[in-house]
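The structure appears below as structure tokens.
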Amino acid sequence: MYLFMRWSLHQGFSDFIETRQKEGVYHLVEGLSDYYASQQNWSKLSGDKQKWIDLLLQSNPRLRSPAWIKQALEEPKSDWPPAIVQESEKRLFPPLELRVMLLDGEKKIIFGREESLPQLTLLPILYQEQIVGYLGLLPGKAVSHVSETQFLERQSESFIWIALLMIGLSAGLALLLAYILGRPIKLITSAAKALAVGRYDMRLPLDSGDELGQLARDFNDMAAALQHSEQARRRWVADISHEFRTPLAVLRGELEALQDGIRPLNAAAIDSLFADVMRLNRLTEDLYLLSLSDEGALSYRKTHVDPIELLKDDLDAIQPDFQNKNIQVLWKENLAHPVSIYADPDRLSQLYRNLLKNSANYTDRNGQLAITISLEKDNLQLNFSDSAPGVPESEIPKLFDRFYRQDSSFNHHPGGAGLGLAICSNIVKAHNGSIQALPSALKGLTIHLEFPLSV
């Protein structure tokens, strides 16, 4: 900015001086024209150096130098001392007066030097529309007076101080901004390092509404998600250990009893051992299926199938379980015509059987299961509503969590590991559907399914 302002000042000031000197030329030409009109010739002026100086002074009133005038009058124009000439160039006369010559109408020199004649630019002096003389301008760049030069120097010095002041202010403002912006960034950096070493409880203060504040909120959300994921992982490991420990402990106890001869090795003992092994096998199979569905690696061979006919077949297969507990199955279908969905029939059957087995296993004897089928716009809706026991509303959102089992109703059934509904949720999502658990009007639980119809 300093360099630009200095260049702009010099450029503008030079233009100003040039314009002013051009005005002086016009004034001088007018003054010479008036002089000729009064004298009708140049003869008196050619021998009157004082008058020539007066005319020059009239063209530029700023010239006030009695010493120079006295020196000019005392010395012949051809014998002016070089020192005086040099001094005049520096102080007394502006460049315009040192760059002009006066010629008569025949271009003979009245005031000036013969050797400078070829370099002149001639301006005519008119009287009654006749050229009576010429004012000759010598080429040269406009140069300022000492006062003008001093003015430029003072302005340049001021610009330097202004530039230094602005640099200081900019540096102070930069340091302030660096501190204001750097402090929250340093906090975020420290929190990110803490998060990288497993401190998922790290949170950032939310004390601003700008982009950094939004970044802090996003960081806190990420930390909370990682903390929740870590807690879920630990629960997952603990639940798996617990689920494997119980059947293994029972299996170990039975084998030790057989080794010690406390229990005879007969068909009943072998059947009991086989049941424990099968429970472990079911648990490992469920875990494997769940891991595949979580990773999206569970294979699906989708085709256009009738979900209602498939549900009827699965219900027929599970019907003996309902009959053993005297559970009444109510079927309510509100469809005017057959429908189809784009699904894998095997996975869809796995979904149905998991839901039906849950109702058969956890519904009290002499209960009910109501299956309601309906259409809502372009979606197929299925509701599996069973009777008591129910699930507290506060526990319903946890039903699709892995290894979840509600104490008052689920734990009395020894076969479940709490993975069935988690697997069902993944199967439904893989078919672009939705699954939801709700309280049942029969005082039990309702599982609501929704699938898009085939196009």
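Restricting attention to the range 244-280, the residues being modelled with pLDDT under 80, out of contact with any helix residue (DSSP H, G or I) (no Cβ under 6 Å at 6 or more places or on another chain) and not small (Gly, Ala, Ser) number 3.
Can you tell me which residues in the range 359-387 are open to solvent by less than 80 Å² (accessible area, probe 1.4 Å), closer than 18 Å to ILE435 by Cα and outside any strand (DSSP E or B)? Once the filter is applied, which keeps residues that are open to solvent by less than 80 Å² (accessible area, probe 1.4 Å), closer than 18 Å to ILE435 by Cα and outside any strand (DSSP E or B), the range 359-387 yields only SER359. Only one of the listed residues (ALA192, ALA224, ALA171, ALA238) is loosely packed, with under 11 Cβ neighbours inside 10 Å and either at positive phi or free of Cβ contacts under 8 Å to residues at least 60 places away in the same chain (or both). That residue is ALA171. Can you find a residue that is assigned to a helix (DSSP H, G or I), of a type outside the set (S, T, N, Q), within 30 Å of LYS398 (Cβ to Cβ) and out of contact with any Cys (no Cβ under 9 Å at 6 or more places or on another chain) anywhere in the range 174-182? Within the range 174-182, not a single residue is assigned to a helix (DSSP H, G or I), of a type outside the set (S, T, N, Q), within 30 Å of LYS398 (Cβ to Cβ) and out of contact with any Cys (no Cβ under 9 Å at 6 or more places or on another chain).
Scanning the range 408-455 for residues that are assigned to a loop (DSSP other than H, G, I, E, B), modelled with pLDDT of 75 or more and open to solvent by 60 Å² or more (accessible area, probe 1.4 Å) turns up ASN432, ALA441. For the range 195-221, filtered to residues that are assigned to a helix (DSSP H, G or I) and loosely packed, with under 11 Cβ neighbours inside 10 Å, the residue that is nearest to the chain's Cα centre (by Cα) is GLU211. If the condition is being under 60 Å from the mean Cα position of the chain (by Cα), among the aromatic types (Phe, Trp, Tyr) and open to solvent by 60 Å² or more (accessible area, probe 1.4 Å), then the range 1-54 contributes PHE4, TRP7, PHE16. Across the range 388-398, the qualifying residues are those that are in a loop (DSSP other than H, G, I, E, B) and without any contact (Cβ under 8 Å) to a residue 40 or more places away in the chain, and the one among them that is most open to solvent (accessible area, probe 1.4 Å) is SER394.
Taking each residue of the range 6-18 that is among the charged types (D, E, K, R) and looking for partners that are modelled with pLDDT under 75 and not in a helix (DSSP H, G or I) with beta-carbon atoms closer than 6 Å, six or more apart or interchain, yields GLU18/ALA142. The selection criterion, being at pLDDT below 90 and among the acidic types (Asp, Glu), holds for ASP344. Restricting attention to the range 327-358 and to residues that are part of a helix (DSSP H, G or I) and without any contact (Cβ under 8 Å) to a residue 40 or more places away in the chain, the residue that is farthest from the chain's Cα centre (by Cα) turns out to be ARG353.
The values are calculated or read from the model by the stated rules, or taken from the named source; none is laboratory data. If you're wondering where the values come from, they're calculated on a predicted model, not measured in any experiment. A quick note on method: Cβ atoms are made from the backbone with ideal geometry, for glycine too, and the neighbour counts reach across all protein chains shown. Ligands, DNA and RNA are excluded from the accessible area calculation, which covers all protein heavy atoms including side chains. Shrake-Rupley method; radii C 1.70, N 1.55, O 1.52, S 1.80 Å.
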